[in-house]
Amino acid sequence: MNAPEGMIPVEVFAQKKGITADKTIKMIRDGFYTGRVINDCWFIDESENVAKPNTCLLYTSPSPRDGLLS
């Protein structure tokens, strides 16, 4: 089956990312990636193939350990 427009086969995506197709499918089901199953074949949105920046929330408000709350 050819991939629908804007989608790529999970196997192709997984190979590019260095993970298994099963892991990719689990990540789609968990909402980490956008994808869908069509006629028993899994596909993932092409936009997921673009590198995403890593984000990190740094929480810096004072804590009791700082001794700044008194």
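The values are calculated or read from the model by the stated rules, or taken from the named source; none is laboratory data. Worth saying up front: this structure is predicted, and the values here are computed from it rather than measured. Don't worry about glycine lacking a Cβ; one is built from the backbone with ideal geometry, like all the others, and counts go over all protein chains shown. Accessible surface is based on the protein model in full, side chains and every heavy atom, while ligands, DNA and RNA are left aside. Shrake-Rupley method; radii C 1.70, N 1.55, O 1.52, S 1.80 Å.
Residues satisfying the criterion are present in the range 1-19 (criterion: open to solvent by 50 Å² or more (accessible area, probe 1.4 Å), part of a loop (DSSP other than H, G, I, E, B), modelled with pLDDT under 90 and not small (Gly, Ala, Ser)). Of the residues in the range 31-46, none is loosely packed, with under 10 Cβ neighbours inside 10 Å, of a type outside the set (D, E, K, R), touching a strand residue (DSSP E or B) at 6+ places or on another chain (Cβ under 8 Å) and at pLDDT below 95.
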